[in-house]
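> Below is the structure I would like to discuss, written out as structure tokens.
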Amino acid sequence: MIHPPDPATEDALIPLSALQHQLFCPRQCALIHVEGLWAEDGATAAGRVLHERVDAGKPDRRPGVQVVRSMAIRSLVLGVNGKADVVELHGKPPRPYPVEYKKGRPKAHRADEVQLCAQAIALEEMFGLPVPEGALFYGTTRRRSVVAIDAGLRALTARIAAETRAMIAAGRTPPPVYDAARCDRCSMIDLCQPRRLERPPGVAAWLAREIAADGTPP
């Protein structure tokens, strides 16, 4: 007998996309998913348009394969829910194969792989079948990168999911740590202000500047 999920567990699910944000930068993740902030730049706009095009495509079939777009998924094990860009259903019974679309090129960090792995784990729970691999399709290279959903990636995904849930539940935003490689290409940099807030000016220095600007002698 299949028991329905606990409503309290359902309410505690976090967006699957938060895992990618958390692995890239915990502060970015908190600004988006705790404080409700967002800023778009050219790169994020291009990514949004790509996903809209993929999601708007009609379900289609190839011999032995049904392609489902924008599939709603959830994992009670990871505590996440969201949508998968494309899920290919191979054979009978249908075996799910997730395909996540990304603009640009493969990245040095593993945020894209973690997002794909979370989708695979969610599909395993939903279909009751193993999902040993998936694929990332990058807009610049115009080709798929096959990703093995192995034990190491599953462990990383579970850890990131637990850390992300804990941070969102606590409602705390980590302090900024400026890193040029990440910060200078982040659409949230003006909201985050990492260079200014990483080493905020002392109260005494701030007070002295305010007095000087006012023209009133101390």
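The values are calculated or read from the model by the stated rules, or taken from the named source; none is laboratory data. Treat the numbers as computed from the prediction; the structure is a model and nothing was measured. Counting neighbours? That spans all protein chains shown, and the Cβs are built from the backbone with ideal geometry, glycine included. For accessibility, only protein heavy atoms count, side chains too; no ligands or nucleic acids. Shrake-Rupley method; radii C 1.70, N 1.55, O 1.52, S 1.80 Å.
> What pairs can you find where one residue is in region 108-126 and under 14 Å from Met71 (Cα atoms), the other is aromatic (Phe, Trp, Tyr) and open to solvent by 10 Å² or more (accessible area, probe 1.4 Å), and their Cβ atoms are less than 9 Å apart, with a gap of 6+ or different chains?
Ala120/Tyr97; Leu123/Tyr97
> Take region 113-131 and flag every residue that is small (Gly, Ala, Ser) and open to solvent by 10 Å² or more (accessible area, probe 1.4 Å).
Within region 113-131, just Gly128 meets the criteria.
> Same structure again: I'd like the full set of residues that are touching a residue at least 24 places away in the same chain (Cβ under 8 Å) and out of contact with any Pro (no Cβ under 6 Å at 6 or more places or on another chain), limited to region 77-88.
Across region 77-88, the qualifying residues are Val77, Leu78, Gly79, Val80, Asn81, Lys83, Asp85, Val86.
> Only one residue in Gly134, Gly104 is at positive phi, open to solvent by less than 70 Å² (accessible area, probe 1.4 Å) and not aromatic (Phe, Trp, Tyr). Which one?
Just one listed residue meets the conditions, Gly104.
> Identify the residue in region 158-179 that is assigned to a helix (DSSP H, G or I), touching a residue at least 60 places away in the same chain (Cβ under 8 Å) and not small (Gly, Ala, Ser) and, among all such residues, is nearest to Lys107 (Cα to Cα).
Ile160
> Quick check on my filter: what residues within region 75-94 are open to solvent by 60 Å² or more (accessible area, probe 1.4 Å), of a type in the set (D, E, K, R) and more than 14 Å from the chain's Cα centre (by Cα)?
Once the filter is applied, which keeps residues that are open to solvent by 60 Å² or more (accessible area, probe 1.4 Å), of a type in the set (D, E, K, R) and more than 14 Å from the chain's Cα centre (by Cα), region 75-94 yields only Lys92.
> In region 180-189, what residues are in a loop (DSSP other than H, G, I, E, B) and under 14 Å from Leu23 (Cα atoms)?
Cys186, the sole residue that qualifies.
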